[in-house]
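Notes follow the structure.
The values are calculated or read from the model by the stated rules, or taken from the named source; none is laboratory data. Note that this is a predicted model, so its numbers are computed, not measured. For neighbour counting, all protein chains shown are included, and Cβ atoms are generated from backbone atoms with ideal geometry for every residue, glycine included. Areas reflect the complete protein model, heavy atoms only, side chains present, ligands, DNA and RNA absent. Shrake-Rupley method; radii C 1.70, N 1.55, O 1.52, S 1.80 Å.
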Amino acid sequence: MKLNESKKVETNLYELSITVDGEAYQKALDASYKKNSAKLTVPGFRKGKAPKGRVMQMVGEEYFYEDAINDSYGAAYEEAVKEAGLEPVTRPEVELKDVDGEKYTFIAKVTVKPEVTLGEYKGLKVERDSDKVTDEDVEKELNTMADRNSRLTEAPEGAKAIMDDTAVIDYEGFVDGVAFEGGKGEDHPLVLGSGQFIPGFEEGVLGHTVGESFDVNVTFPEEYHEESLSGKEAVFKVTMKDLKRKELPALDDEFAKDVSEFDTLEELKADLSKKLGEEKVSAADSKMENDLLETAVNNMKVEIPPVMFEEKAMDMIEEFAYRLQSQGMGLDMYMQYTGTTMDALKAQFLPQAEAQVRSTLLLEAIAKAENLEISEEDVAAEYERLAAQYEMELDKIKSVIPEDEIRNSLMIQKSAAVIKDSAVVTQK
């Protein structure tokens with residue numbers, strides 16, 4: 001292989017002129033000859049038994065060029081990219097030039113990883129959210145637990161429906177006086193405030209009593225999934241057949257015994273306070289790190305080829321499909337059930353993909369600027385940690401996750417630590 005020329009033709013786009021000759025090309029030609037000559041019928045000879053000279057006389061050497069080129073250009077391209085010091089982010093566009101029995105030349109156009117000019121990433125100022133747990137936080141968590149352990153009872157006779165009640169209703173919807181498909185239901189349990197129906201419907205049920213029939217006037221949203229109803233005004237004729245109300249348990253020692261391993265309410269509160277504190281610390285740290293990363297990303301200068309965003313989005317879709325498969329559902333089935341398309345799914349993942357690509361480019365550039373290194377001990381420790389986390393044998397985890405992936409992940413973590421450890425933090 002000979003790299004004739006490597007030139008930048010556009011931002012992030014290079015053109016390589018590559019010649020393949022010598023032993024590599026001759027081996028590829030020989031392999032092509034063995035593969036294709038066996039298929040040829042040469043008068044006077046059995047298939048594959050004709051002398052090479054006779055075969056060449058009949059079909060010409062050019063007959064074997066295509067397979068020889070297809071079998072050899074990939075390795076030549078990889079070698080040329082390495083020699084040119086480029087990091088491709090897509091497959092190349094290849095154009096064949098001169099071809100003969102001694103050599104061939106091709107042009108490869110390749111999009112490469114962009115150059116990053118770092119801005120400020122050390123000493124960034126950031127405000128960290130409070131991780132203090134208040135009495136109100138604990139009471140809110142207790143009330144949530146009480147709600148989960150509530151039971152439904154019949155509302156008092158004559159009671160008017162209020163938020164959180166479950167109204168059992170018959171209903172039928174009309175647009176311009178005509179009933180529409182899918183707008184009718186019987187004995188439907190509707191939790192008021194759940195947002196189960198279109199905006200305005202549940203509010204229209206509030207204040208009514210069991211046995212009462214009434215109209216609820218609503219307007220369908222402009223983005224409603226059924227286009228024939230989008231933006232239309234509708235009237236629902238409703239009859240309330242039953243009304244159930246939540247009965248919350250008393251927040252006392254008995255409640256604590258029922259919902260936890262603690263004997264008293266005070267012990268339960270102390271445990272909740274501790275857990276909420278850990279959650280708040282984690283959330284505050286995570287948000288602070290994200291804020292710092294976003295600031296550093298905004299401070300850098302880089303022109304990113306759109307194909308990097310698109311390919312990252314497709315990687316995310318593949319990961320999403322894998323998760324679906326582990327739950328017994330294929331991606332095609334998911335799209336059918338949700339009424340989405342591959343283009344819509346790609347658009348959904350694209351913003352997250354863009355953010356990840358930008359962050360990764362930043363952190364890779366910081367690793368280079370800071371001369372960060374990952375030791376063999378770092379790699380070994382990470383393999384040990386992952387083996388323990390996933391409860392797998394060490395050799396098994398090594399066979400599943402390549403060392404390069406481990407090193408890259410650790411490098412990204414070290415780069416992020418450079419930003420975080422140097423930050424000027426103020427507490428809310």
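Annotations
- Any hit, the range 128-139, residues being of a type in the set (Val, Ile, Thr), open to solvent by less than 70 Å² (accessible area, probe 1.4 Å) and closer than 30 Å to Pro221 by Cβ: no
- For the range 238-274, filtering for residues that are of a type in the set (D, E, K, R), out of contact with any Lys or Arg (no Cβ under 8 Å at 6 or more places or on another chain) and closer than 30 Å to Ala167 by Cβ leaves 5.
- Count - residues of the range 197-232 that are among the hydroxyl-bearing types (Ser, Thr, Tyr) and under 13 Å from Val175 (Cα atoms): 3
- Apart from one condition, Asp258 fits all of (1) free of Cβ contacts under 8 Å to residues at least 24 places away in the same chain; (2) open to solvent by 30 Å² or more (accessible area, probe 1.4 Å); (3) more than 30 Å from Val126 (Cα to Cα); the exception is (1).
A quick yes/no check of all residues on (1) closer than 17 Å to Glu5 by Cα; (2) free of Cβ contacts under 8 Å to residues at least 40 places away in the same chain:
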| residue | (1), (2) |
| --- | --- |
| Val20 | yes, no |
| Tyr25 | no, no |
| Ala28 | no, no |
| Arg46 | no, yes |
| Gln57 | no, yes |
| Glu61 | no, no |
| Val81 | yes, no |
| Glu102 | no, no |
| Phe106 | yes, no |
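- Selection within the range 248-268 - over 41 Å from the mean Cα position of the chain (by Cα), over 13 Å from Met145 (Cα atoms) and not in a loop (DSSP other than H, G, I, E, B): Asp253, Glu254, Glu266
- Applying a threshold of 6 Å to beta carbon distances and a minimum spacing of six or more residues, or different chains, the list of pairs starting in the range 119-141 at a residue that is over 19 Å from Ala284 (Cβ atoms) and ending at one that is among the hydroxyl-bearing types (Ser, Thr, Tyr) reads Lys122/Ser422; Gly123/Ser422.
- Residue selected from the range 2-28 under the condition farther than 30 Å from Ile304 by Cα and of a type in the set (D, E, K, R), by the criterion surrounded by the most Cβ atoms within 10 Å (Cβ to Cβ): Asp21
- Note on the range 8-44: among residues that are under 40 Å from the mean Cα position of the chain (by Cα), of a type in the set (Ser, Thr, Tyr) and modelled with pLDDT of 95 or more, the one that is nearest to Glu87 (Cα to Cα) is Tyr14.
- Test for Gln336: is it among the polar types (S, T, N, Q), open to solvent by 40 Å² or more (accessible area, probe 1.4 Å) and modelled with pLDDT of 90 or more: no
- Qualifying residue in the range 214-222 (condition: at pLDDT below 95 and more than 17 Å from Gly182 (Cα to Cα)): yes
- Single residue of the range 223-242 satisfying the filter (open to solvent by 80 Å² or more (accessible area, probe 1.4 Å) and in a strand (DSSP E or B)) that is modelled with the lowest pLDDT: Glu233
- For the range 159-167, the count of residues that are among the hydroxyl-bearing types (Ser, Thr, Tyr) and surrounded by 15 or more Cβ atoms within 10 Å (Cβ to Cβ) is at least one.
- Qualifying residue in the range 75-85 (condition: at pLDDT 85 or above, open to solvent by 70 Å² or more (accessible area, probe 1.4 Å) and hydrophobic (A, V, I, L, M, F, W, C)): yes
- Thr341 vs. criteria out of contact with any Ser or Thr (no Cβ under 8 Å at 6 or more places or on another chain), without any contact (Cβ under 8 Å) to a residue 60 or more places away in the chain and either charged (D, E, K, R) or open to solvent by 50 Å² or more (accessible area, probe 1.4 Å) (or both): yes
- A single entry from Phe214, Phe220, Phe201 fulfils the requirement of being without any contact (Cβ under 8 Å) to a residue 24 or more places away in the chain and open to solvent by less than 30 Å² (accessible area, probe 1.4 Å): Phe220.
- Scanning the range 261-279 for residues that are among the hydrophobic types (A, V, I, L, M, F, W, C) and exposed (fewer than 15 other Cβ atoms within 10 Å of the Cβ) turns up just one, Ala270.
- Test result for Asp170, acidic (Asp, Glu), touching a residue at least 24 places away in the same chain (Cβ under 8 Å) and either open to solvent by 30 Å² or more (accessible area, probe 1.4 Å) or touching a Lys or Arg at 6+ places or on another chain (Cβ under 8 Å) (or both): yes
- Of the residues making up the range 39-53, none is among the hydrophobic types (A, V, I, L, M, F, W, C), part of a helix (DSSP H, G or I) and open to solvent by 40 Å² or more (accessible area, probe 1.4 Å).
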